[in-house]
Amino acid sequence: MATHCKDYDFLQIEPHWQSFWDQTKAFRAENQSSLPKYYVLDMFPYPSGAGLHIGHPEGYTATDILARYKRARGFNVLHPIGWDAFGLPAEQHAVKTGTHPASNTQNNITNFRRQIKALGFSYDWDREVDTTDPKYFRWTQWIFLQLFKKGLAYVDERPVWWCPELRTVLANEEVVDGKSEVGGFPVERKNLRQWVLRITAYAEQLIDGLKDVDWPDSTKRMQEAWIGRSEGAEVLFKLEDPALGDLKIFTTRPDTLFGCTYMVIAPEHPLVDALTVPAQREAVKAYRFKTASKSDLERTDLAKDKSGVFSGSYAVNPINHERVPVWIADYVLMGYGTGAIMAVPAHDDRDHEFAVQYNLPIIRVIAAADGSTELPYTGDGKMMNSPGYNGLAWPEAKQQITAALAARHIGKGTINYKLRDWLFSRQRYWGEPFPIAWVSEADYRRAAAVRTDLPAQPVKFAENGVTQFALPLPDAALPLVLPDVQSYLPSGTGESALANETAWLEIWLEVTTGASVPATQPQPAGPNWVRARRETNTMPQWAGSCWYYLRYLDPQNSSAIASEAALKYWGVPDLYVGGAEHAVLHLLYARFWHKVLFDLGVVPQSEPFTRLFHQGIILGEDGVKMSKSRGNVVNPDDIISAYGADSLRMYLMFLGPLEAMKPWNPKGIEGVLRFLRKVWRECLSEEGEPNPRIAAGAVLSAATEKLLHETIKKVGDDIEGMRFNTAISQMMILLNALQKEPALPRQTMLDVLRLLAPFAPHISEELWARLGQTGSVMTAGWPVFDPNKLVANSVTIVIQVNGKHRGDVTVPVDVTEPELVKLASAQPKVIPHLTDKPIKKTIYVKGRLINILV
RNA sequence: GCCCGGGUGGCGGAAUGGUAUACGCAACAGACUUAAAAUCUGUGACCUGAAAGGGUGUGUGGGUUCGAGUCCCACCCCGGGCACCA
């Protein structure tokens, strides 16, 4: 079974055991099992052309240690991997070379798979998923259809970055300083028809669910901040011109209503024209033009300077009937709240800045607790200048004023979110096609008569005076696959390359089966054939990664995303490890989809990731982020051939806490290689035979025996707590002690190998076999420590005098305090500090220290 | 600006309020060797002292405590996130 190499020849040992694991399918997880389950998930990689980055094996080693450890502890472990393979680089490569992105993607996957296997990760390769596989994205499309039917998907015109030179739409991250990242061409905002998912409908649930998950606090906070819940009130201000009706504003501080001295509406607000008096018309027009031509970037960049223009109109403050001017300013955003605010310059930084700049009145309505008169004041305090509410604490007044407004039907308590609906379409070729066909209203009605799976409200879109209706393909027609195209270049009109594929795009559609023929052919006979145009947008890369953790449960299932039994047995991942860069988007989107699937009864739990951990970033040797241009990139292939996969795995874990950002030290890995060689030498002689020092009858010294049991305990605890660096230190300490023992009990070395196996599986398998054990070390269980062996019968107590360390003394564990004080006082090093000084008090920390106060 | 996380030897880092610097890297000295590699042993914060010892030390300044790297307050620096969200 084992190799026969004399020395620790990892280049021979590692491939040997990798093929053993492959052939025996050692890591296959069974869907039917009486064992408790443990599901440990990695964020699956995008298979880029550059191959594996050193950051991948960092997180993947951590989860692999957990997976192997949990198997040893008797769990049925699900540890899968797959490929998040749709994405921009593959498409750009296709545009450049004209080859299908699928072929390039498959090449990259082959390389990634080779690299990952070379690291010895214990993935169940029978469960590999690939988001670009039609058998997979069939279910991505299916989930989209469920959202669509639930009314959670709609179509809207939204601004996107458009680069005329590249004839393409760019993602935010592809635009740098108002220019395309590739080529540096100017980009502009362009309104295009987009699919949008109504994630805001789940805002409240997405906040609530965070209470129940074991995630890093910082990630929870980031999601909370992103969702941005704020409680306040909507208040109606009457406009002086009764013909214009009311101006509705949102405020979180209705209690400051008496301090409102002006109003602001966003430049895009629908009432701007109506509110602008003739004398202000030119100024307002100029201001709107100026703000409209600012990009979003500039608008936030120029955040320092407030600007605005008076509309010439006035509103009436509903609480005191004061006349307040209405201004137009771009510090108020149309996309949040109602696009209009009441300005309270005394108690809001932005309003204060604006009021000072345009010389608007400032009225204080909250008194500072410390009596200070500095403005703006945003702290706690009691109401003032607010007849009927003076003296109240402001949260109290907030409630009362909101209630008073509600009673008069001119306001109500509301909750606003910063979270926006999710822009879900891309004008790309290389993504999941939307299983949607656009038809006329009449044809949609015909479909509605024979289909029961349409949304309550039809999704429609008006363009050039024609309204098109979105007709979903029936579930049975999935997957809708990408057609082969002549060119991967976008159409040039803002649509994807799919818009040029007339035969795929323009079709006759059978509305009940989803069957289609090109529109150039005669309309097939039958009552349900209608003229349709397919959706040319594709889904963003997030789509496939939103639910892959569910597909792993039952990846071959062709009738559901996974069987009910699999969903019930495996549930959701017990541990999810991946980079903090996904703290918001991926993790929020996946939670959203999961909650929708939960509401549909597809999955049995409401949260997908119960325990989350972010691995830190590994920096280059020079302490800065690894990048090709800096030439500080570490390639896993090179490290494996020079030091072996076991050393790489060990070193990645030994570098420091998993969550920390830490620099790579090329010398450091030699330390763990030396350690592995030391383990090898303790097990085997120079001839590669079992080390004669190992004997069945050998006995460890008491101290080393204790250390062994401590190590078994600590390694187990540290793995569970994901403190792999200290687990490795402890094993090093143990090995250093074993090395000094005159002889080693065979069982001790077997325990060491079982402890080491999750970290360095290849060498552990090899030595396990070479010591004459049959079967894999992984199936040998986890060593058990004896709690009785952890307690020593004597301890070393630190002696302090007045809190200063003055020596130590070794005493029996059950020593009493008076005895100890006596022993301590007799210590030669202690005596000088006690002479002529009466002992006032002693403090004894059991088993640790005695502090004598004189 | 706001919200997080973090500052410990030459370096990565360790330390339930209880011997600061475990473990590893680098360095130096020694053993083995003709030699080298490998391996093993030892030394390793600073000041003072011949030594024993004494004193000072975990970003800075205060505080709580018998005792603080650890808890509290203020500040400085580094990293991450958000950014006119009313």
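The values are calculated or read from the model by the stated rules, or taken from the named source; none is laboratory data. All values derive from a computational prediction rather than experimental measurement. Neighbour counts run over all protein chains shown; Cβ positions are idealised from the backbone, glycine included. Heavy atoms of the whole protein, side chains included, go into the accessibility calculation; ligands, DNA and RNA do not. Shrake-Rupley method; radii C 1.70, N 1.55, O 1.52, S 1.80 Å.
Toward the positive end of the charge dipole of chain A, about the Cα centre and with charges on Cβ (Lys, Arg +1; Asp, Glu -1), which of A:452, A:34, A:440 goes farthest?
Looking along the dipole axis, the top candidate is A:34.
Give me the dipole magnitude in Debye, nearest 20, for chain A about the Cα centre, with unit charges on the beta carbon: positive for Lys and Arg, negative for Asp and Glu.
Here the size comes out at about 1140 debye.
How many angstrom lie between the Cα centre of region A:609-668 and the Cα centre of region A:430-490?
47
Charges only on Cβ, +1 for Lys and Arg, -1 for Asp and Glu: so what's the dipole of region A:366-423 about the Cα centre, in debye to the nearest 20?
Its charge dipole is roughly 340 debye.
Would you be so kind as to identify which of A:386, A:361, A:424 lies farthest towards the positive end of the dipole of region A:344-428, taking Lys and Arg as +1 and Asp and Glu as -1 on Cβ and the Cα centre as origin?
So the residue we want is A:424.
What are the semi-axes of the equivalent ellipsoid of region A:230-416, taken as the square roots of 5 times the eigenvalues of the Cα gyration tensor, listed largest first and rounded to whole Å?
27, 19, 15
Could you work out how far helix A:134-149 tilts from the main Cα principal axis of chain A, as a 0 to 90 degree angle to the nearest 10?
The helix A:134-149 is inclined about 50 degrees to chain A.
How large is the translational diffusion coefficient of region A:97-186 in µm² per second when you combine the Kirkwood radius over alpha carbon pairs with Stokes-Einstein at 20 °C and 1.002 mPa s?
123
Report the local net charge at residue A:6: Lys and Arg +1, Asp and Glu -1, summed over other residues whose C-beta lies under 13 Å from its C-beta.
Residues near residue A:6 contribute -3 overall.
Distance from the Cα centre of region A:726-765 to that of region A:1-38, in angstrom?
19
Please get the size of the charge dipole for region A:196-349, origin at its Cα centre, with Cβ charges of +1 on Lys and Arg and -1 on Asp and Glu, quoted in debye to the nearest 20.
420
Can you give me the C-alpha center-to-center distance between region A:337-374 and region A:191-266, rounded to a whole angstrom?
20
If you filter region A:2-62 for chymotrypsin sites (Phe, Trp or Tyr not before Pro), then keep DSSP loop positions with at most 15 other Cβ within 10 Å, what is left?
none
If we sort A:323-333, A:254-264, A:771-781 on the protection proxy, mean other Cβ atoms within 10 Å, highest first, what's the order?
Most protected by this proxy first, the peptides run A:254-264, A:323-333, A:771-781.
Hey, any idea what % of chain A's accessible area is carbon plus sulfur with a 1.4 Å probe?
Ligands and nucleic acids excluded, carbon and sulfur give 53 percent.
Once you keep just the Cα pairs under 8 angstrom separated by 6 or more residues, what percentage relative contact order results for chain A?
Relative contact order of chain A: 14 percent.
Mean separation of Cα pairs under 8 Å and 6+ residues apart, divided by the residue count of region A:597-671: what relative contact order is that in percent?
Normalised by residue count, the contact order of region A:597-671 is 36 percent.
For region A:203-218, take each phi angle, set θ = phi - 60°, evaluate the Karplus expression 6.51 cos²θ - 1.76 cosθ + 1.60, and give the result in whole Hz per residue in order, putting x for glycine and proline.
3, 4, 5, 5, 6, 4, x, 5, 5, 9, 10, 8, 10, x, 4, 4
Find out how many positive minus negative residues lie around residue A:798, taking Lys and Arg as positive, Asp and Glu as negative, among other residues whose Cβ is under 15 Å from that of residue A:798.
+3
Ignoring everything but the protein chains, give the 1.4 Å probe accessible area of residue A:398 in square angstrom, nearest 10.
About 50 Å², rounded to the nearest 10.
For residue A:37, list the aspartates and glutamates whose Cα falls under 12 Å from its own Cα; do not include residues on the same chain fewer than 8 positions away.
A:574
Among the listed pairs A:220/A:306; A:149/A:460; A:822/A:846; A:211/A:398; A:306/A:382; A:25/A:70, which are separated by more than 22 Å between their Cα atoms?
Pairs exceeding the cut-off: A:220/A:306; A:211/A:398; A:306/A:382.
In region A:574-611, which residues have a backbone nitrogen under 16 Å from the label point lying 7 Å from residue A:229's Cα in the Cα-to-Cβ direction?
Within reach of a label on residue A:229, which here means backbone N under 16 Å from a point 7 Å along Cα→Cβ, region A:574-611 contributes A:592, A:607.
Please report the accessible area of residue A:520 (heavy atoms, 1.4 Å probe, ligands and nucleic acids excluded) in Å², nearest 10.
130
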